[in-house]
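Report on one structure; see the data block that follows.
The values are calculated or read from the model by the stated rules, or taken from the named source; none is laboratory data. Small disclaimer: the values here were computed from a predicted structure and weren't measured. Glycine gets a Cβ as well: all are built from the backbone with ideal geometry, and neighbour counts include every protein chain shown.
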């Protein structure tokens, strides 16, 4: 099961990426000697656009084969059977095992996917 990002979260990444790209290209091509900040803005735009495309393709979380994966470049994965405690703090879930802790930001999860995640976590019958 894939837990998707909110469309609003991805849209903001796309909009900011396009805005930074426009600002950087205007700075680079309209000046005779572009400043270093113009190139920095270009890098920032690529980071925002990369976040958008990566999030669109890979989703936020994956629940498969009794494991939960956070789909980030250096994301964590834990076995659902190893979870000892589930905390709900400030709208986020904190899944704790003996060795690791996984924080799930529910503010950026799509509403339908959040219902699916809640159902899966309730099946674990933990506090």
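Scanning segment 87-98 for residues that are more than 15 Å from residue 67 (Cα to Cα), in contact (Cβ under 8 Å) with a residue 12 or more places away in the chain and not in a strand (DSSP E or B) returns 91, 98.
Filtered by the rule that a residue be closer than 16 Å to residue 5 by Cβ and assigned to a strand (DSSP E or B), segment 99-120 gives 103, 104, 109. When you look at residue 117, is it surrounded by 13 or more Cβ atoms within 10 Å (Cβ to Cβ), touching a strand residue (DSSP E or B) at 6+ places or on another chain (Cβ under 6 Å), in contact (Cβ under 8 Å) with a residue 60 or more places away in the chain and over 23 Å from residue 13 (Cα atoms), yes or no? Yes; evaluated as a whole, the condition is true for this residue. Checked against the criterion of being under 21 Å from residue 116 (Cα atoms), surrounded by 13 or more Cβ atoms within 10 Å (Cβ to Cβ), at pLDDT below 90 and within 22 Å of the chain's Cα centre (by Cα), the candidates 3, 68, 78, 83 yield just one match: 83.
For residue 71, the test of being touching a helix residue (DSSP H, G or I) at 6+ places or on another chain (Cβ under 8 Å), within 30 Å of residue 95 (Cβ to Cβ) and free of Cβ contacts under 8 Å to residues at least 24 places away in the same chain is passed. Hey, any hits in segment 36-55 for a residue that's loosely packed, with under 14 Cβ neighbours inside 10 Å, in contact with a strand residue (DSSP E or B) (Cβ under 8 Å, 6 or more places away or on another chain) and either farther than 26 Å from residue 7 by Cβ or assigned by TED's automatic domain parsing to the domain that holds residue 109 (or both)? No - not one qualifying residue is present in segment 36-55. Residue 99 falls short of the stated requirement of being exposed (fewer than 15 other Cβ atoms within 10 Å of the Cβ) and within 18 Å of the chain's Cα centre (by Cα).
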